[in-house]
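A short worksheet on the structure shown next.
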Amino acid sequence: MSSSHYSLLIILILFSACVATGKNSDGYRIAKLGGLGRTLTRDPTRAVRASEDFQIFFYNQTLDHFNYRPESYTAFKQKYVVNSKYWGGANASAPIFVYLGAEEPLGNGSLGFLTDNAAQFRALLVYIEHRFYGESIPHGWTLDKALSDPDTRGYFNSAQALADYAEVLVYLKQKLNAIHSPIIVIGGSYGGVLASWFRLKYPHVALGALASSAPILDFHDIKHRDPYFSVVAKDFLETSSSCHRTIRRSWEEMDRVASESHGLRKLSRTFKTCRPLESSSQLKDHLITVYAVAAQYNDPFLRPVKVICDAIDGASPRNDILRKIFAGLVASAGNLTCYVNPPSPRPSQTDLGWPWQTCSEMVGPEGITNNTMFQPAPSDLTEFLNDCKRSFGVAPRPHWATTYYGGHDIKLVLHRFASNIIFSNGLQDPYSRGGVLKNISDTVVAVYTVEGSHCLDILPATENDPIWLVKQRKTEVEIIRRWIATYYADLRAFES
C-alpha cells in the first residue's frame, strides 16, 4: 500500500459523528472513525432533556468575508443553537460559552463541558454550525452539489468559518444587549484547533479558548516524525507486550499468505470478509484503522485497546497468528455476519467535506517510519498533492495554515502575544503528539492526563469518572474562572 493511503487514512481519523467507510482520492476503500459523537450520548435521557432547553436559529451569513465583489455579499442560512436556561443575563454581564462546530452537522444535543458548567457560571450556551456542514450550506444546496462547484467550494475554508463565528457572536451580543458579556469558545479536535485560532485571530470577540485534543502542530512543515502511529504502538505495548508483538508479526504473515495460490481466498475466509479481498492491503488497512480507533478513543470506561489485546492474548494456543488477530477484530466489532471490506454505505457529510479541507489547507500527510508495531510507509507529499489535484482539480497549499495561523517556534511566538488558551489533551490519544503539551505562559497553558483519550475532558461528566479526569476538568474550570474574574475586574476599572 502506498504512503498516500496511510496519509489519507489518518487525516480522515478526525471527529465525525459515527464509524463509517469512504474512499480516498485514489478510490481505495479506507475506514474512518467517529469523534465526539461516539460518546456524547452515554446518557440518552440526559441528551433528550438537554435538547428541550435548546432553541434553533438561522443567521443570514456572508458568503465571502474577505472580498468586496458583488457575489461576496451573497447570504446563506447558518444554523446556531442557544440554551439560555442558566444565563444570568445581559445586565449582569454573565458569560457566554460557545461551541465552535467542526466537520459534521451540529445536531441539537448538548456538549458535556458546556452543560455541566453552565449553572455555576450562569452562562449562556451557544453552538454554531461550521459552514458547508449540516444545514449551513451556501445557496441552500446539498454538500455534494456545493463541492462539485469550484467557485462555491472555494469559500469552504477555516478562515471563512472563523469569520462566520465572529459575525454571529457580534450579532448575538448586540441583539441581547450583552456587550460586556465575556465569551469563552470551546472545541474538540479540529474544532479545538478552530477554538485556539479564533482566540488568536479574534481576541476582541473571545476572552479565552478551551482547545481539547487540538493538533495545531500536526501540519506538514512542523510536525514531528511519525507522531500518530508511534502513540498507537505505545498504547498497545503498554497494554500488553505479547499483543503488541503478535500484531507486529501479523503484517508479514498476511503478505505471505496473500502471495500463495488462493491466498487471498484463504484470508477472506479467515477474516470473514463481506466481499472477497482483492489485495492484502485491504485487510491491513481495515486492521490499522481498528487499532487507531482503539488507541484514539482508549477511554477508561470501554478500554478498547485492552479489549482487543485480551482477545488476542486469550485466543487458543492452537490458533495461528492470523486467527488470534481475527479474535481481536471480533472483540472490537462484536459478533457480525462479516467484518472486513463491507459494501460502501452512503457517505456522510464528513466523508464528503473533510477530504476537501485536508486537500486544500489542513495538509498533514501522515507516514509510518521507525515504528514498533506497523510496517513502514513513509509519507510522500508529492504523491499526496497529486492525489488531491486529481480529485479536486487544485493543488493543496501545504504551508498556508502555518503561514496564516502560525506554528513555527510556537512557544516563543505565543509567549510574546497570546493569552487565555487552554490546550487540553489525553496522552492515550495519538493526536496529542500534534498538540501543545507544555505551558507557554501563565495564561497559555497545557492541561493533560496520562490516561486520557481524544476529547474526553469535554464529554459529559459521570459518577464513574476517574479522579484524574475529574481533576483535569476542575483545573480547566478554575482557569476559566480566573480569566472571567480578571475580565470583570478590568471592566470595573475601565468603567470607573
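The values are calculated or read from the model by the stated rules, or taken from the named source; none is laboratory data. Here the structure is a predicted model, which is why all the values come from computation and not from measurement. Using ideal geometry, Cβ is built from the backbone for each residue, glycine included, and neighbour counts are taken over all protein chains shown. Accessible surface areas use protein heavy atoms only, side chains included; no ligands, DNA or RNA. Shrake-Rupley method; radii C 1.70, N 1.55, O 1.52, S 1.80 Å.
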Checklist outcome for this item: All conditions in (1) part of a helix (DSSP H, G or I); (2) charged (D, E, K, R); (3) in contact (Cβ under 8 Å) with a residue 60 or more places away in the chain are true of R265 except (3)
Checklist entry - Which residues, counting only those in the range 123-144, are in a helix (DSSP H, G or I), open to solvent by 10 Å² or more (accessible area, probe 1.4 Å) and of a type outside the set (G, A, S)? => result H139, D144
Checklist outcome for this item: By residue number, the members of the range 201-214 that are in a loop (DSSP other than H, G, I, E, B) and open to solvent by 10 Å² or more (accessible area, probe 1.4 Å) are Y202, P203, H204, V205, L207
Item to check | Test result for A119, in a loop (DSSP other than H, G, I, E, B) and not hydroxyl-bearing (S, T, Y) | outcome: no
Checklist entry - What pairs can you find where one residue is in the range 58-82 and more than 15 Å from I128 (Cβ to Cβ), the other is assigned to a strand (DSSP E or B) and of a type outside the set (S, T, Y), and their Cβ atoms are less than 8 Å apart, with a gap of 6+ or different chains? => result L63/A75; L63/F76; A75/N60; A75/Q61
Next on the checklist: Quick check on this structure: which one of Y155, Y165, Y99 is open to solvent by 10 Å² or more (accessible area, probe 1.4 Å), in contact (Cβ under 8 Å) with a residue 60 or more places away in the chain and in contact with a strand residue (DSSP E or B) (Cβ under 7 Å, 6 or more places away or on another chain)?
Outcome noted: Y99
Item to check | Any hit, the range 272-291, residues being small (G, A, S), crowded, with 20+ Cβ neighbours inside 10 Å and under 12 Å from L322 (Cα atoms) | outcome: no
Checklist entry - Are any residues in the range 111-122 touching a residue at least 60 places away in the same chain (Cβ under 8 Å) and open to solvent by less than 20 Å² (accessible area, probe 1.4 Å), and if so, which ones? => result L111, G112, F113, L114, N117
Checklist entry - Residues of the range 363-378 being open to solvent by less than 40 Å² (accessible area, probe 1.4 Å), modelled with pLDDT under 85 and over 20 Å from Y190 (Cβ atoms), which ones? => result G367, T369
Checklist entry - Taking the stated definitions as given, is F198 over 20 Å from G452 (Cβ atoms), in contact with a Ser or Thr (Cβ under 9 Å, 6 or more places away or on another chain) and not in a strand (DSSP E or B)? => result no
Checklist entry - Is the range 390-410 home to any residue that is in contact with a Gly (Cβ under 6 Å, 6 or more places away or on another chain) and open to solvent by less than 30 Å² (accessible area, probe 1.4 Å)? => result no
Next on the checklist: Can you find a residue that is part of a loop (DSSP other than H, G, I, E, B), modelled with pLDDT of 95 or more, closer than 20 Å to Y165 by Cβ and touching a strand residue (DSSP E or B) at 6+ places or on another chain (Cβ under 7 Å) anywhere in the range 59-69?
Outcome noted: yes
Next on the checklist: For the structure I just gave you, tell me whether S230 is within 25 Å of P365 (Cβ to Cβ), surrounded by fewer than 21 Cβ atoms within 10 Å (Cβ to Cβ) and of a type outside the set (V, I, T).
Outcome noted: yes
Item to check | Filter result for the condition that a residue is part of a loop (DSSP other than H, G, I, E, B) and within 30 Å of N157 (Cβ to Cβ), over S360, S316 | outcome: S360
Checklist entry - In the set V307, V257, which member is buried (at least 17 other Cβ atoms within 10 Å of the Cβ) and assigned to a helix (DSSP H, G or I)? => result V257
Checklist entry - Going through the range 428-446 one residue at a time, which ones are over 17 Å from G364 (Cβ atoms) and surrounded by 21 or more Cβ atoms within 10 Å (Cβ to Cβ)? => result Q428, V444
